[in-house]
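Undergrad: First the structure, then my questions, so here it is.
Bear in mind that the values in this text are calculations on the coordinates, not laboratory data. Small disclaimer: the values here were computed from a predicted structure and weren't measured. Cβ placement follows ideal geometry from the backbone for every residue including glycine, while neighbour counts extend to all protein chains displayed.
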There are 2 protein chains.
Amino acid sequence: MIEIPARRGKAARLAAGQSVRVVNTYGSQVVDTWAFVRDDMREFMSMEHTRIFISRLIPKIGDPLVTNHRRPILTLTADTSGGIHDTLVAACDRWRYELLGCVGYHDNCTDNLAAGLAELGLAPPETPAPLNLFMNIPVLDGNRIDALPPISTPGSHVTLRAELDCVVAFSACPQDMVPVNGANMTPTAAHFEILG
Amino acid sequence: MIEIPARRGKAARLAAGQSVRVVNTYGSQVVDTWAFVRDDMREFMSMEHTRIFISRLIPKIGDPLVTNHRRPILTLTADTSGGIHDTLVAACDRWRYELLGCVGYHDNCTDNLAAGLAELGLAPPETPAPLNLFMNIPVLDGNRIDALPPISTPGSHVTLRAELDCVVAFSACPQDMVPVNGANMTPTAAHFEILG
């Protein structure tokens, strides 16, 4: 099991056919997730392409996640978390925390993506909208969105199968100013393991 | 009034304080819309940042549209179209039409963005998810999405005020294989005018 340290990013290479199991170790940690095609990172998992491909906001077991070239790059093959994830909301960034009133630097998922990839000698071509695993952003009346604590439980997990050789990146979201990582607003570590 | 020709893109520079009125001339034409900061086009209107900024999927009159640095770049100041627009769905691209069974080249909003900007000597740093004016993508049960004809009417329009010096780009969506541009699937021209 590989740790995604609290408030930090981590990336790994996957060959097509391998899977990654992402574990919500302590139960209420959002894990921002990205995937880039290994040979050309300008092709990457895209939420705005995936939503229309699967005709839903939240992928369910069996659904593909597609790239900005509309090719399946990951498939959601298992999910014990309750099935609530988010595709609507940008990765947090320094501007998000400035708007929330934070003075000085705050860890953020955008920088974590870059740092996680940098450990592999890679750089993101841009910051795609992430698949926010375990994040609970309900759409209330077909329009209004809210930001609630996750419904996932300790040890619950999601499995994603690589359909292309790719690089996956994760950020254990450092959001501690609104309750997206649980009502006590304390970011934790999460873990992943590569299968197959 | 400046024409956005059927199936084509068009761009224009706006100074902060100016507005652009986008007219759905024939009533059922989707207009993909982008805005880039003039001094640094890597900062641009971002749907994934806007949704969480305004806590809704669809902007209403008075709502700002923010950049990937979370700064308001446009404000929706008037809307006679019925208020149905889309922020969920990627611009169409050649892969979209390939998946729909099109053989050979099909006009698409992604290429139209690039072509519209090229007329001004500019290039997009990437293809941001667009604000799809007049596009009717309902969220049916907090999750499922559909693609329906617009509810807008001939001559109905939207006004967007520039909050920053910016370049706006439009594409009269060439989608003629699913009914997002009306039940008869016939893309038309649209128009815009710069105010103030």
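Undergrad: Please go through (1) touching a residue at least 40 places away in the same chain (Cβ under 8 Å); (2) closer than 25 Å to A:Pro149 by Cβ; (3) surrounded by fewer than 20 Cβ atoms within 10 Å (Cβ to Cβ) for A:Arg71 and return the number of the only condition it doesn't satisfy.
TA: Failing condition for A:Arg71: (2).
Undergrad: A further question on this structure: Looking at the range A:14-39, I want the residues that are farther than 29 Å from A:Thr186 by Cβ and have a partner that is among the polar types (S, T, N, Q) with Cβ atoms under 8 Å, at least 6 apart or on another chain. Which pairs are those?
TA: From the range A:14-39, the pairs are A:Ser19/A:Thr77; A:Ser19/A:Thr159; A:Val37/A:Thr67.
Undergrad: Just to be sure before I move on: is A:Ala129 in contact with a Ser or Thr (Cβ under 9 Å, 6 or more places away or on another chain) and either part of a helix (DSSP H, G or I) or within 11 Å of chain B (Cβ to nearest Cβ) (or both) in the structure I sent? Please lay out each step first, then the result.
TA: Values: in contact with a Ser or Thr (Cβ under 9 Å, 6 or more places away or on another chain): yes; either part of a helix (DSSP H, G or I) or within 11 Å of chain B (Cβ to nearest Cβ) (or both): yes.
It is true that A:Ala129 is in contact with a Ser or Thr (Cβ under 9 Å, 6 or more places away or on another chain) and either part of a helix (DSSP H, G or I) or within 11 Å of chain B (Cβ to nearest Cβ) (or both).
Undergrad: Another one. Quick one: in the range A:81-126, of everything that is away from chain B (no Cβ under 11 Å), assigned to a loop (DSSP other than H, G, I, E, B) and among the hydrophobic types (A, V, I, L, M, F, W, C), which residue is surrounded by the fewest Cβ atoms within 10 Å (Cβ to Cβ)?
TA: A:Val103
Undergrad: Only one of B:Glu3, B:Glu48 is out of contact with any Pro (no Cβ under 6 Å at 6 or more places or on another chain) and part of a strand (DSSP E or B). Can you tell me which? Before you say what the answer is, go through the steps one by one.
TA: Numbers: B:Glu48 fails: part of a strand (DSSP E or B).
The conditions single out B:Glu3.
Undergrad: While we're on this one: Can you tell me which residue is farthest from the other protein chains (Cβ to nearest Cβ) among those in the range B:132-148 that are surrounded by 19 or more Cβ atoms within 10 Å (Cβ to Cβ) and not aliphatic (A, V, I, L, M)?
TA: Checked the range B:132-148; the qualifying residue farthest from the other protein chains (Cβ to nearest Cβ) is B:Phe134.
Here is a yes/no grid of residues against (1) surrounded by 18 or more Cβ atoms within 10 Å (Cβ to Cβ); (2) of a type in the set (Asp, Glu); (3) in contact with a Cys (Cβ under 9 Å, 6 or more places away or on another chain); (4) outside any strand (DSSP E or B):
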site	(1), (2), (3), (4)
A:Gln29	yes, no, yes, yes
A:Thr33	yes, no, no, no
A:Asp40	no, yes, no, yes
A:Phe53	yes, no, no, yes
A:Ile61	no, no, no, yes
A:Leu65	yes, no, no, no
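Undergrad: Would you mind finding the one in B:Ala147, B:Ala183 that is of a type in the set (A, V, I, L, M, F, W, C), out of contact with any Lys or Arg (no Cβ under 6 Å at 6 or more places or on another chain) and within 29 Å of B:Pro125 (Cβ to Cβ)? Before the answer, list the steps.
TA: On the way: B:Ala183 fails: within 29 Å of B:Pro125 (Cβ to Cβ).
Going through B:Ala147, B:Ala183 in turn, just one is of a type in the set (A, V, I, L, M, F, W, C), out of contact with any Lys or Arg (no Cβ under 6 Å at 6 or more places or on another chain) and within 29 Å of B:Pro125 (Cβ to Cβ): B:Ala147.
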